[in-house]
Each structure stands twice: as C-alpha cells, then as structure tokens.
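*Asks:* Sharing a structure, written as structure tokens. Questions coming.
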Amino acid sequence: MTNVSMTNSTDTQGDVANTKGRSLWQDARRRFLQNRAAVVSLIVLMGVCLIALFGPLLAAWDNETVDWNVLGDIATLGAPSLSNGHYFGTDELGRDLYSRVVQGTQVSLMVGIVGSTIAVILGTLYGATAGYVGGKTDNIMMRIVDILMSIPYMFVLILLLVVFGRSMWLLFVGVGMISWLEMSRIVRGQTLTLKSKEYVDAALSIGVKHHVIVLRHIIPNLLGVIVIYATLLVPQMILTESFISFLGLGVQEPNTSWGALISEGASTLQYGTYWQLLFPLAFFVITLFCFFFIGDGLRDALDPKDR
Amino acid sequence: MLAFILKRLFYAIPTILILIVFSFLLMHSAPGGPFSSDRPLPPEVLANIEAKYHLNDPLIKQIWTYVTGVVTQFDFGPSFQYKDRTVNEIIGQGFPVTLTYGTISFLVAVFFGCALGITAALNQNSWLDYLAVGISIGAQVLPNFVMAPILVLVFTLWLGWLPGGGWNGGQWQYLIMPVIALSTSFMASIARIMRSSLLEVMHSNYIRTARAKGLTKREILFNHALKPALLPVISYLGPTFVIMITGSVVVDLYFTTGGIGQAFVNSALNRDYSVMMGITILIGCLTILFNLIVDVLYAWIDPKIKL
C-alpha cells in the first residue's frame, strides 16, 4: 500500500528526487523475496490453500458417502487409485480420503487463522494499552498476565470442551485464548520503546487523544512484530488443534481435521493401510514447514536488529 | 534469595486459587449433574447422593468446602464415575508413572539437546551443523502424536524389537519409545536455542581474547563460553514442564502406559469432572513450582541478576 504511493510520487517528481526513498515495507519485501526457502514455502502454502478452497470441485466422492464396493477389503481395494475416484484411497469406513483430507485442511487452516487472529487482536490491544499507560496500571496488567501464564491451558481448554460440549467455535476461540498472553508481553515491550518517540510527543502536544495515538501511531509501528509473531502462531494453533483432535476431543464427525485424520490413520497402521496416515501427515508436515520458513523469512526481513 | 522465593510463592497463591475456583465454576456450570444418567434415579436416592457430595449446598459454600479440602488436606474429593475411588487414588496411581518417564525424557532431552546444539555451533556451516539444524527443524514439525505411531510402526511392527505399549513396572524395553516420543521435539528446541546462543557467545570479544591467549578449544568452551550460553536454555526450561506434561497425554494414550495423562483423557471422555479438576490443579501447582526452581537456578548462574 505505502509502496505504491511512494513509487508514484517519486516518479512524478522525476529528477528532483534522484535518490528514491525506500520504506520499511519495501525493504522488507526485497529481503523476503531474496530468501528462497521462504518464497518457495509461500508458493506451496498458497497451493495448500487452493486445495482447501477448490479441492471439493475435483472430488469424485463427498466426505460422508461410504463406498460399499471397497468396504469389505479396505487394505487392497481402498488403496489410492485414479480409476475409482479415490485419489488418496479410502478411510477405514470406506469414505473417500481425498474429500476428508480437503475438509480437514479447511478446518485446520481455519483454526490456525481464526485462533491467531483472536490471539493477535487481544494480545496487541492488551499489551499496547499496558505499555502505553504505564505505571501502576501496567504493573497490575502484566502481573495478571504472569499469573495467567502459569495455568496449564491445554488442560483447561479440554475441561472447557468437555463441560460445554464440543463445538468447533469453542475450539477456535479456546485455541486463540491460549496464546494471547505471550503476544501481549512482546507488544508491551515494543510499546514501551515506541512511547518515548518524538512523534508521540508531537501528537500529544497538538492534543491528539490517547486512544487515537495508540490506534494510529503505536499499533501501525508494531505491525512488523505482530506479523512475524502471527505467522509463527498459526502453526502452533494448528498443532494445538491437532493435538486435541488426536485425543478425540476436537472436531466431531463428519467434520474432521488433520489431527483427527492422523489419529485415525495411526490407529489403522497395522492393517497395512499406510495411505490413511501418509496423506494427512504430508499435508500437516508440509504446511507446518511452510509456516516456519515464512515466519523465519519475515523475521529476517522485518527485524530492525539486522539492519 | 529467601525473600525472592517467598515473593514468588506469594504470587503463586492467587494463581492457584484462581485456577481452583475457575475449574470449580466450570464444572458447576456443566449441563446435567454428574448423577443424571439415561435411567433416572428415584428422587430420594438422588437427593441422598447429592447431599453426600454436598451438591445441595449454596455455591459459595461448595467452593469453600472444595478449596479448604484441597488446600488443607490435598483432598480432591471422590471420583464421580468410580464410586469406590477417590481422585487422590487415581492421581496417586498414574503420577509415579508419568514422573518416571517424564524425568528420564527431561534428562535425555536436555543432554542430547545441548550436545547437538554445541556440536552444531562449534562446527558452524559444516555438514554437522546442517545435520543438527535439519534434525531440529524436522523434530519441530513431527510432534509427539506423529512420532508415536511412527515409532510403533518401525520398532514394533516392522522390526519387532520393542513392545508396542504397556508399562510393566517401568522395564527398560517399555520405556524407550515413550521417552523418545516425549523428548524429541523438546530436544530439538533446546538444540536450536543452544546453537544460536553459543554462536553469539563465541563471536564475542572475550572469547577472541581467550583464543589469542592460546587456550585450547576445549578450555574455551568449558571455562568461558558454556556458562553464559546456557542461560537462554535455562529460561526455556520453565515452559518445558508444561510441554512435557501435555506431551505425556499423548504418550500415555498411545503407549497405554497408565500415566496421569491417560487418567485425564479417560475422565474427559467419561465426564468425570472431579478427576479432571484434580489433575488440572495438580499440574498448575507443579508448573508454578517448576517455574520457581528455574528462576532460582537462573539467578544462581547469572550474577547480573539481583534477587
């Protein structure tokens, strides 16, 4: 966004400004594109997203229909084949694994995105407020974070899921609630340094309201940190959800997710139906790899320490 | 030092209280009481049972009974599903198992993680370094619920070397796979932290001086570089405890070791709230204790920190 307006303005000025200014984001994009692992990961990740979005269009079977032809002998007839439309084979109940993997991909990516959005919004607002207000409020707010941090969240989340019944939205929100604490700490630290900058003083001196300063001056400057952290948060969310689904406490049938599929595949491994583990596992591992590499790439690109 | 420990314990008390009250309220708000089943009991019987478990008391009194029971006698009350067992018995049965293989995994992970990280850092950009970094990235995207089935597939089904599950009093054959599954991802994180912190230390001026003095590589490492490089690793050991315990849920479930994680998942699936609460609170307390130990250790190693 800033990049476009920047180049336009320098173009119109022509030779007046021979030295083009480079914004932080322009710099970052250049560095990010030089990182081959990150770029490849980004492309692969887009591919995974496309499969999640448009995969159902290619499916010959939906994710609930049982294929009675293969049901008697999954280990041989249920193997991946193009001829009968089960590209990834079938699961133990004769359902099309391709459709189920696509559906699981949708759920897992959704958990990652919704969960980290919640964590980022909560953590940023909380951390920025604490850091900006400072003093006693900051002290109390961060002490609360300290206290909350030593609660075993995975167990509380499972407790929540059991008590209120398993629903996908509770899972999404619960996963997000787990990790806003770390985020708020990072944001607070950054806000403390930003607060003493001259432009905040300048804004204050012309009478800008505090909440406007936080929203318009502090948070935009935190964006780099937030973006890096959010990308590293998504795989953690996916891992958490997969963990809970692996235990059989996550999403419910007929919906599925990577964790649930991996759990199913792992439990039928001894029958020789290796594809039931292999395909969901491959999606899971590849996606996590991509997020880690992209996160690393973004950190290298945006981290001011490296400049 | 004593004041520091006391201060930390002072903060721990509200945390534990919050955890107890929160889980109690959660349990209380669960739809359907613990004794409502498909075949409804006669109202008189139900009233008797509810009186026995203090379910007829006002909420605040119930909380008080529970909290005082937990705090003064470590009494988590009776199990809601197994009428002849208390929560303490269930925990007492599973906890030693988890503690045994958890401690071994912890030691294994710390030792091999540090060794791997040090090897990688001392041979930066050699094939050893790439191998170590590769292992640690690989271990990161292969969480324990993926590791466990793969281990069983290889060592039990293909090679037939190790039993696929069970505990058997903690014989070594039964320990190997749980320990590998539990320690791998943690080991990978330690290796990564160790590598980057040791690299940073090795590039500092006083190491250059030590090298100029003619000290051998071994002397530099053990007398000068290792201690400061260990600090980030130690601060990572705090969250480890939670990671280990959470991981143990998967290990228990997959290898049927009978540890506390298995008890937790079973009670989650059976809606045995009192057992879930008991385990959550126990783990919360242990987390706080472990964080305290790590903080003290950190302060003891790093002379810059004043308590």
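*Asks:* Using just the Cα positions, wrap the range A:23-110 in a convex hull and report its mean projected area in square nanometres, one decimal place.
*Replies:* One quarter of the hull surface, i.e. the mean projection, equals 7.6 nm².
*Asks:* Another question, then. With helices defined as uninterrupted DSSP H runs, which ones in chain B have an alpha carbon span along their own long axis of at least 27 Å and mean Kyte-Doolittle hydropathy of at least 1.0?
*Replies:* The qualifying helices are B:2-28, B:87-122, B:172-202, B:226-255, B:273-301.
*Asks:* When each pair of different Cα atoms in chain A is counted once in the 1/r mean, what is the Kirkwood radius in angstroms, to one decimal?
*Replies:* Radius from the Kirkwood sum: 22.1 Å.
*Asks:* While we're on this one: Of B:114, A:49, which has the most accessible area with a 1.4 Å probe, and how do the rest follow in descending order?
*Replies:* A:49, B:114
*Asks:* Past 29 Å, Cα to Cα: identify those pairs from A:136/A:197; B:7/B:52; A:136/A:209; B:7/B:227, in the order given.
*Replies:* B:7/B:52
*Asks:* Still on this model: For the range A:125-191, take the alpha-carbon Rg, divide it by the Kirkwood Rh, and send me Rg/Rh. Don't skip to the end; give the middle numbers.
*Replies:* Numbers: Rg = 14.0 Å, Rh = 12.9 Å.
The Rg/Rh ratio comes out at 1.08.
*Asks:* Beyond 17 Å, what percent of the Cα pairs of the range B:228-307 remain?
*Replies:* Working: 1749 of 3160 pairs.
When all Cα pairs of the range B:228-307 are counted, 55 percent exceed 17 Å.
*Asks:* Given a 1.4 Å probe and heavy atoms of the protein chains only, how would you sort A:87, A:126, A:271, largest accessible area at the top?
*Replies:* Result, largest first: A:271, A:87, A:126.
*Asks:* Compare the peptides A:53-66, A:228-241 by average per-residue count of other Cβ atoms within 10 angstrom and give them in order, highest first.
*Replies:* A:228-241, A:53-66
*Asks:* Let me ask something else. Take the alpha-carbon positions of the range A:207-307, form their convex hull, and give its projected area averaged over all directions (one quarter of the hull surface) in nm².
*Replies:* Approximately 9.8 nm², given one-decimal rounding.
*Asks:* Roughly how many Å is it from the Cα centre of the range B:187-255 to that of the range A:240-276, as a whole number?
*Replies:* If we compute the Cα centre of each part, the gap is 35 Å.
*Asks:* What is the log10 of I(q)/I(0) for chain B, computed with the Debye formula using one identical point scatterer on each Cα and no solvent, at q = 0.12, 0.15 Å⁻¹?
*Replies:* With no solvent term, the Cα-only Debye profile gives -0.94, -1.21.
*Asks:* Largest first, please: the extent of the C-alpha atoms of the range B:194-245 along each principal axis, to the nearest Å.
*Replies:* Result, largest extent first: 46, 16, 12 Å.
*Asks:* Taking beta carbons within 10 Å but only from partner chains, what does the mean come to for residues A:155-167?
*Replies:* Whole-number average of other-chain Cβ neighbours for A:155-167 is 6.
*Asks:* Which value in deg cm²/dmol, rounded to the nearest 500, describes the helix-derived mean residue ellipticity at 222 nm for the protein assembly as shown, given -39,500 (n - 2.57) per DSSP H run of n ≥ 4 and division by the residue count?
*Replies:* Working: 26 runs with 442 residues, N = 614.
Counting only the DSSP helices, I get -24000 deg cm²/dmol.
*Asks:* Where the centroid of each part is defined by its Cα atoms, how far is the range A:220-237 from the range B:104-154 in Å?
*Replies:* 26
*Asks:* Quote the accessible area belonging to residue A:160 in square angstrom, nearest 10, computed with a 1.4 Å probe and with ligands, DNA and RNA left uncounted.
*Replies:* 40
*Asks:* In 20 Å bins starting at 0, how do the alpha-carbon pair distances of the protein assembly as shown split up by percent?
*Replies:* Bin by bin from 0 Å, the calculated values are 16, 48, 31, 5, 0.
*Asks:* Next question, about the same structure. For all pairs of alpha-carbon atoms in the range B:91-161, what percent lies in each bin of width 5 Å, listed from the first bin to the last filled one?
*Replies:* 3, 14, 13, 18, 20, 17, 9, 4, 2, 1
*Asks:* A further question on this structure: Please give me the summed charge of the neighbours of residue B:210: other residues whose Cβ is under 12 Å from its Cβ, Lys and Arg +1, Asp and Glu -1.
*Replies:* +4
*Asks:* OK, next. For residue B:219, what accessible area in Å² do you get when you roll a 1.4 Å probe over the heavy atoms of the protein chains, rounding to the nearest 10?
*Replies:* Estimated to the nearest 10 Å², residue B:219 gives 80 Å².
*Asks:* On average, how much accessible surface per residue is there in the range B:153-307, in Å², for a 1.4 Å probe, leaving out ligands, DNA and RNA?
*Replies:* 46
The values are calculated or read from the model by the stated rules, or taken from the named source; none is laboratory data. For clarity, every value in this text was computed on a predicted model and none was experimentally measured. All Cβ positions, glycine included, derive from the backbone under ideal geometry; neighbour counts span all protein chains shown. Ligands, DNA and RNA are stripped out before the accessible areas are found, and what is left, the full protein with its side chains, is counted by its heavy atoms. Shrake-Rupley method; radii C 1.70, N 1.55, O 1.52, S 1.80 Å.
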